[in-house]
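One structure is given below, represented as C-alpha cells, and several questions about it will come after.
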Amino acid sequence: MPRECRRRASPTGTGNTGGVRTVPLVGDKAWFGPRRFGWGLSPMSPEGWVLTAASLVATFVLARRAPERPMVRRIPAIVLVIVAVGKGTAPGGPRARSALRAAEQTGGP
C-alpha cells in the first residue's frame with residue numbers, strides 16, 4: 001500500500017477521524033497543522049514557530065551576505081518546507097483544522 005494511504009492508529013486506538021491525517025510523517029508530535037484561512041500548513045507548536053522564525057532570520061542574513069547567490073538564499077525556505085511536510089499533519093483549511101481539533105479532544109494524537 002502506498003505511504004500516503006497508510007494511516008497510523010493513535011495511542012488510544014481511535015485512529016484518524018474525519019479522513020484527516022492527525023499524526024506527522026516523522027515522530028509523534030506535530031509541529032505544523034492545517035491553516036485557519038486558505039489551504040496549507042501553519043505552525044501549531046512552539047517548535048514550529050521557532051523553526052519558522054529561524055528560517056526567516058536565516059533568509060534575511062543570507063540575503064545580506066550572499067546577494068549574488070540566489071540558491072543559497074533559498075536554502076532556509078527549502079528546509080522549512082521539508083520539515084513542515086515531515087513534522088506536519090495533513091494540510092488543509094478550516095474544515096481540516098476543526099477535524100484535527102475534534103480528533104485531539106476525543107483522545108486522538
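Rule-based calculations on the coordinates, nothing more; no lab input. Just so we're clear, the structure is a prediction, and the values are computed from it rather than from any experiment. So basically every Cβ, Gly included, is an ideal-geometry build from the backbone, and we count neighbours across all protein chains shown.
Among M71, S98, V50, pick out the residue whose Cα is farthest towards the positive end of the charge dipole of the stretch 35-105, where Lys and Arg carry +1 and Asp and Glu carry -1 on C-beta, about the Cα centre.
Towards the positive end, the residue furthest out is M71.
Evaluate the distance, in nm, between pseudo-label points positioned 7 Å from the Cα of R69 and of S45 along their respective Cα→Cβ axes.
Once both label points are built, they end up 3.2 nm from each other.
Follow-up question, since we're still on this one. With contacts defined as alpha carbon pairs under 8 Å and 6 or more residues apart, what's the relative contact order of the stretch 35-105 in percent?
Computed value for the stretch 35-105: 49 percent relative contact order.
Using only the Cα atoms, what convex hull volume per residue in Å³ does the stretch 15-109 have? Let's see the in-between values first.
Working: hull volume 8.9 nm³, N = 95.
Hull volume normalised by residue count: 94 Å³.
Can you give the local net charge around P43? Use residues other than it whose beta-carbon is closer than 14 angstrom to its beta-carbon, Lys and Arg +1, Asp and Glu -1.
Working: positive: K29, R35, R36, K87, R97; negative: E47.
Net charge in that neighbourhood comes out at +4.
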